[in-house]
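What follows is a set of notes on a single structure, which appears directly below.
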Amino acid sequence: MADMFTDLLIYIGIGILTFSIGLILGYQLLIMYYTKRFIGLAKECSDADSVIPLVDELEKET
């Protein structure tokens, strides 16, 4: 019985670790994607000297 409880604790620990790693990696990937997207949009606004690219992007999102 003690072996089953130890195995259960190990599996729970592995589950928590994989969940945490996935959460952190997902967060980092989303931050990288949206930062890259924002920088591109800011460059477009700077090149056009207008906020029209920002309005176009907002229209695409909604």
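Bear in mind that the values in this text are calculations on the coordinates, not laboratory data. Since the structure is predicted, the reported quantities are computational estimates derived from the model, not experimental observations. All Cβ positions, glycine included, derive from the backbone under ideal geometry; neighbour counts span all protein chains shown.
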Enumerate the pairs (first residue in the stretch 30-52 and among the aliphatic types (A, V, I, L, M); second residue anywhere and surrounded by 10 or more Cβ atoms within 10 Å (Cβ to Cβ)) with beta-carbon separation below 7 Å, excluding pairs fewer than 6 apart on the same chain, so at least 6 apart or on different chains.
-> LEU41/PRO53; LEU41/LEU54; LEU41/GLU57; VAL51/CYS45
Quick one: which residue in TYR33, TYR11 is assigned to a helix (DSSP H, G or I) and over 20 Å from the mean Cα position of the chain (by Cα)?
-> TYR11
